[in-house]
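Chemist: Pasting a structure below so you can have a look.
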Amino acid sequence: MTETGTAGHTGAARPSSRGARRRAREFALQGVYGWLLRHDDSAAEIGAIDAHVRELEGFAEADGEWYQTLLHGSVREAAPLRERFMRYVDRPITELSPIEHAILLIGSYELIYHIEVPYRAIINEAVELAKSFGGTDGFRFVNGVLDKLAAEVRATEVNAAKRR
């Protein structure tokens, strides 16, 4: 598939990889949000959430592999991710909105476990999710927390960007 999103031999238009990744993040957000509300860490529950999200309208436009990576990775690593990002949160985790909590889990997961994705792209995508799905100023909060986390876990990349 080319950057413009055209599929090779069929000629059918497909979303660009960037658009497909954004959609994957949106669907992963729905899955993590549902998981947070259910308070059930069982594999069966996560599987049910995954199956439900995959049936939602528009899922075919998402990068299904990236969605699966984000959903399952964020849920599997939730405890250590929280430990990392809560250093930069000014209130107890119980006072976070489930949307902001889910976005911070996904953004933290990407920052820590997917260094092939530029930190600025991760933060920008998280901010866009917060603007679309979160409260009025939730995007500022998400931006601040992930900026601080990026400075910790991606210090070399962040410092190189500052020098440019």
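The values are calculated or read from the model by the stated rules, or taken from the named source; none is laboratory data. All of these numbers come straight from a predicted model, not from anything done at the bench. Every residue, glycine among them, receives a Cβ derived from its backbone with ideal geometry; neighbour counts consider all protein chains shown.
Chemist: Mind listing whichever residues of segment 38-48 are at pLDDT 80 or above and either within 24 Å of Leu111 (Cα to Cα) or buried (at least 17 other Cβ atoms within 10 Å of the Cβ) (or both)?
Modeler: Correct list: Ile46 only.
Chemist: Please tell me if His72 is without any contact (Cβ under 8 Å) to a residue 60 or more places away in the chain and over 23 Å from Leu111 (Cβ atoms).
Modeler: So His72 does not fit the description; no.
Chemist: Do we find that Thr94 is within 26 Å of Lys148 (Cα to Cα), of a type in the set (Ser, Thr, Tyr) and modelled with pLDDT under 95 in this structure?
Modeler: The answer is yes for Thr94.
Chemist: Something else about it: Which residue out of Ala24, Ala7, Ala13, Ala51 is at pLDDT 95 or above and either surrounded by fewer than 17 Cβ atoms within 10 Å (Cβ to Cβ) or on the phi > 0 side of the Ramachandran plot (or both)?
Modeler: Ala51
Chemist: I'd like to check which helices (runs of 4 or more DSSP H) are fully inside segment 106-164 and have at least 1 residues that are touching a residue at least 24 places away in the same chain (Cβ under 8 Å) and among the basic types (Lys, Arg).
Modeler: 119-133, 138-153
Chemist: Among the residues of segment 87-104, are any touching a His at 6+ places or on another chain (Cβ under 9 Å), assigned to a helix (DSSP H, G or I), under 20 Å from Gly31 (Cβ atoms) and not polar (S, T, N, Q)?
Modeler: Yes, the conditions are met somewhere in segment 87-104.
Chemist: Take the residues in segment 56-115 that are among the hydroxyl-bearing types (Ser, Thr, Tyr) and surrounded by fewer than 19 Cβ atoms within 10 Å (Cβ to Cβ), then tell me which one is nearest to Phe133 (Cα to Cα).
Modeler: Filtering first and then ranking leaves Ser97.
Chemist: Moving to a separate point now. Out of the residues in segment 130-150 that are in contact with a helix residue (DSSP H, G or I) (Cβ under 6 Å, 6 or more places away or on another chain) and closer than 20 Å to Glu77 by Cα, which is surrounded by the fewest Cβ atoms within 10 Å (Cβ to Cβ)?
Modeler: Lys148
Chemist: In segment 55-85, how many are in a helix (DSSP H, G or I) and under 21 Å from Asp40 (Cα atoms)?
Modeler: Number satisfying all stated conditions: 16.
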